[in-house]
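To start, the structure under review is shown below, and the notes come after it.
The values are calculated or read from the model by the stated rules, or taken from the named source; none is laboratory data. Bear in mind the structure is a predicted one, so any value in this text is a computation, not a measurement. Reconstructed Cβ throughout: ideal geometry from the backbone, glycine too, with neighbour counts over all protein chains shown. Accessible surface areas use protein heavy atoms only, side chains included; no ligands, DNA or RNA. Shrake-Rupley method; radii C 1.70, N 1.55, O 1.52, S 1.80 Å.
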Amino acid sequence: MNPSTSSARCGSRSAADDHMDDWIFLSSEPAGPQCPEGGKDEQEAEDRGKLKSKLVSAWNSVKYGWSLKQKSKFSKSSPVIMLGKSYEFKDDGERERFRRSFLSLLWLTYRRGFSQLAGCSLTTDSGWGCVLRTGQMLLAQGLLLHLMPPDWTWSASHRVVKDDMELLRPAGSAARGLNLNEGVTKRGRKLSLGSLLDRPMEPTHRRVVSWFADRPTAPFGIHQLVELGKSSGKKAGDWYGPSIAAHIIRKAVAVSVDLPNLVVYVAQDCTIYLRDVRRLCERPIPHTWKSVIILVPVRLGGQDLNPSYITCVKELLMLQCCIGIIGGKPKHSLYFVGFQDDHLLYLDPHYSQPTVDVTKGNFPLESFHCKYPRKMSFSRMDPSCTIGFYAKGERDFETLCAVVNEALSTSGGTYPMFIFSEAESQEEEEGGSNTPTNSTIYIQRKNELRRVDTCNSMDEFVLL
């Protein structure tokens with residue numbers, strides 16, 4: 001997807017000062033070193049590419065930045081589900097627990113000002129990299145489960161006591177506001193002790209963040225993901241679908257030297273082949289099973305989401321083994337982490353931020369965490385998505401299979417979203433290199449062949 005044509009779809013920034021930063025950044029950069037006459041045309045083309053990237057970033061900042069700090073409305077009468085945990089907002093302590101958990105998720109957004117991506121002059125992924133960013137967020141959640149203690153929360157989140165969510169309060173509850181504020185203040189003092197207890201995990205937290213840095217040496221950074229996407233026919237500036245992103249994540253973990261005890265498995269044709277997963281995870285005694293992240297690319301309808309699958313999506317997000325969904329609206333990727341009633345809860349990568357130098361010992365972490373939970377109606381969800389799961393060991397994997405199978409049974413009269421098979425796959429995974437790129441395909445449902453146009457969808461194909 002061309003960045004100049006995608007600017008109306010993707011990207012963001014926020015606040016008037018941030019907009020000024022964008023334009024100052026655009027106008028104050030030196031023209032660059034002088035080049036010999038023979039390379040003048042190449043230098044001009046490169047400068048034009050840089051200028052276009054900065055204009056796209058600035059425009060996206062104006063278009064999307066204003067919405068970032070808008071408060072989403074949450075009901076106090078129904079639970080909020082996020083990555084297998086339930087929160088009752090009518091209880092102050094539960095609401096604070098949710099805020100801390102949400103703020104602890106890694107938020108990976110558009111960045112600008114990083115070193116040029118290989119083979120082009122792009123120094124930002126604004127306008128085209130949102131699926132790679134949501135893929136990064138899903139992988140990051142799996143890594144936090146893999147490396148951090150259960151129920152870990154970022155210690156800095158304990159200092160956040162401002163209410164960034166708007167509750168739909170019953171009439172007459174305003175008079176109780178002072179008591180609520182007092183409770184928050186007392187709770188903040190108690191949480192400072194928890195902050196001290198979490199400090200030993202802070203080096204690991206920073207190490208995980210650094211793996212997603214916007215630099216060529218980062219194992220899961222944008223440079224590495226773009227490089228691995230080349231074998232699937234993708235390059236910087238192209239549109240990456242959720243399925244392609246899943247295979248890129250698999251390759252990135254496979255070549256990383258930092259995670260020897262973790263593998264990624266990508267389902268084929270909406271099927272998890274159990275024998276293949278076991279072969280990936282099993283190791284000779286006395287070594288234990290490798291942990292596994294399972295990614296399942298699916299399509300839940302034709303041009304629009306089939307409402308019959310909404311209950312099943314909810315059931316999957318209620319599982320503790322679920323690490324979220326690479327999804328979104330058409331051509332606008334979002335990382336889904338939960339829901340309340342008929343609205344999905346998500347993190348949005350469409351916010352262009354300056355690149356952070358993670359080589360500094362105490363680099364700032366605030367831009368890697370978001371305190372503004374956002375909601376979106378299920379009806380707006382693009383049918384093409386990738387669902388993620390994590391199992392730490394063999395017993396966890398067996399539990400995963402049982403609970404996910406039970407959740408899939410809620411699809412009712414429709415075909416299940418995906419299935420488990422005791423067999424092994426017919427052929428080796430090729431990371432999406434053999435996927436068709438035409439926008440019109442055929443799917444079979446209830447013995448009827450139908451033509452489906454997917455040109456406006458998140459992905460380029462339908463998995464059968």
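Remarks
- Between Ser409 and Lys230, the simple label model (points 7 Å from Cα in the Cβ direction) yields a spacing of 4.9 nm.
- About the Cα centre, charge dipole magnitude for the stretch 192-318 (Lys/Arg +1, Asp/Glu -1 at Cβ), debye: 320
- Annotation: per residue accessible area for the stretch 241-393 equals 34 Å², rounded to a whole number [probe 1.4 Å, protein chains only].
- Sulfur and carbon atoms: percent of accessible area, the stretch 69-137 [1.4 Å]: 47
- Full-stretch length increase - Thr204, Gln70 - with 0.36 nm per residue and alpha-carbon distance subtracted: 45.1 nm
- Added length on full extension, which subtracts the Cα-Cα distance from 0.36 nm per residue, Glu94 to Ala254: 53.8 nm
- R0 of 22 Å, Cβ-Cβ distance Ser115-Asp238: FRET efficiency to nearest 0.05: 0.70
- Amide H contacts for Lys76 (H built 1.01 Å from N in the peptide plane; partners 5 or more residues away or on another chain; cut-off under 5 Å): Leu168.
- With DNA, RNA and ligands ignored, accessible area of His343 (1.4 Å probe; Å², nearest 10): 80
- With a Förster radius of 25 Å applied to the C-beta separation of Lys329 and Glu394, the computed FRET efficiency comes to 0.10.
- Solvent-accessible surface ranking, highest first, for Arg299, Arg97, Arg380 at 1.4 angstrom: Arg380, Arg97, Arg299
- Between Asp304 and Arg279, the modelled label-to-label distance comes to 4.3 nm, taking each label 7 Å out from Cα in the direction of the beta carbon.
- Among Val296, Phe336, Cys322 the positive-end extreme of the charge dipole of the stretch 291-359 (Cβ point charges): Val296
- Calculated diffusion of the stretch 217-260, Stokes-Einstein form, Kirkwood radius summed over Cα pairs, 37 °C and 0.692 mPa s, µm²/s: 311
- Kirkwood estimate for the stretch 212-336, i.e. one over the average of 1/r between Cα atoms, Å: 16.4
- Sorting Thr410, Thr134 by solvent-accessible area of protein heavy atoms yields Thr410, Thr134, largest first, with a 1.4 Å probe.
- Packing, as the average of other Cβ atoms within 10 Å across residues, places the peptides 288-297, 123-132 in the order 123-132, 288-297, highest first.
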